[in-house]
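Comments concern the structure below.
Coordinate-derived values only; no laboratory data. What you see is a predicted model; the values in this text were computed from it and never measured. Note: ideal-geometry Cβ built from the backbone for every residue, glycine included; neighbour counts use all protein chains shown.
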Amino acid sequence: MVFSSPEDVIRRLITLDEELLVLSDRELPITIVIFGGSAVLLITQEARVTKDIDAYLYGDITRAEMELFNKYDINNNLQGGDSLDGFIDRADEIQLEFKRLRVYTADPMDIIIHKLLNRGDDRDIEDVIVLLDYVGDLEHLKNMYNEALKYTGAGNPTRYWDIDSIYDKYYVRKGYSS
């Protein structure tokens, strides 16, 4: 599946929720916190393309439920969440009438940090630069990033992006001088 609009992501989540309603009589909803390109779509409302919904899933999820998440391209294989202390408290809940799901979009700062600490390819950097428009305090982001960087367990700190170089790219794009 390819998602190219926020509506594509929302439709997919609504259909998943409907199938979960038929499959399960669970009382507690499954919590989804969306990261990645789908989160960028939902936050910016700008057209872009992503192939899945990267998310952290919380709750006692059965095998059958997990198969549905896979069917609906919900990727629960994220890494690096432990370095984003409190990210679920900063996430914004999607205000729809889900029955079996509670769906959140991760805060732009957490998405940025996650992208910089993981793959960090050109597409991720492009997403980061777009998301910087949605961050109110760049100094706070820098502090959060540097704190998360301490907990990556990486033996090679040069693998990760320098946040100041990202800000430089952002300022050039905006026509500002750094």
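Please give me the summed charge of the neighbours of M66: other residues whose Cβ is under 14 Å from its Cβ, Lys and Arg +1, Asp and Glu -1.
-1
Among 162-168, 126-132, 19-25, 9-15, what's the highest-first ranking by average C-beta atoms within 10 angstrom per residue?
Per-residue mean Cβ counts within 10 Å order the peptides as 126-132, 9-15, 162-168, 19-25.
Looking at L41, T31, I10, which one has the Cα that reaches farthest to the positive end of the dipole of the stretch 1-54 (charges on Cβ: Lys, Arg +1; Asp, Glu -1)?
Value: L41.
Let me spell out the model: positive unit charges on the Cβ of Lys and Arg, negative unit charges on the Cβ of Asp and Glu, origin at the Cα centre of the chain. What dipole size does that give, in debye rounded to 20?
For the chain, the charge dipole is close to 360 debye.
So who's got an amide H within less than 5 Å of the one on N75, skipping anything under 5 residues away but keeping other chains? H placed 1.01 Å off N, in plane.
I53, D54, A55
Based on the Cβ-Cβ distance of R63 and I14, what FRET efficiency does E = 1/(1 + (r/R0)^6) give at R0 = 22 Å, to the nearest 0.05?
0.45
Tell me, what ³J(HN,Hα) does each residue in the stretch 107-118 have, in order and in whole Hz, if you take phi through Karplus 6.51 cos²θ - 1.76 cosθ + 1.60 with θ = phi - 60° and put x for Gly and Pro?
4, x, 5, 5, 5, 4, 4, 4, 5, 6, 8, 10
Can you give me the Cα centroid spacing of the stretch 3-62 and the stretch 92-109 in angstrom?
8 Å
Calculate I(q)/I(0) for the chain by the Debye formula, one identical point scatterer on each C-alpha and no solvent, and give its log10 at q = 0.11, 0.13, 0.16, 0.20 Å⁻¹ to two decimals.
The computed values of log10 I(q)/I(0) come out as -0.48, -0.66, -0.96, -1.37.
In square nanometres, what is the average projected area of the Cα convex hull of the stretch 1-106?
6.4 nm²
Rank G175, N70, Y134 by how far each Cα sits towards the positive end of the charge dipole of the chain (+1 on Lys, Arg Cβ; -1 on Asp, Glu Cβ) and give me just the farthest.
Projecting each Cα onto the dipole axis, the largest value belongs to G175.
Name the long-range amide H neighbours of Y104: under 5 Å, sequence gap of 5 or more, or other chain; modelled H, no Pro or chain starts.
I32, V33, I34, I94
Report the number of Lys pairs in the stretch 6-174 whose alpha-carbons are under 17 Å apart, with separation of 8 or more residues or on distinct chains.
7
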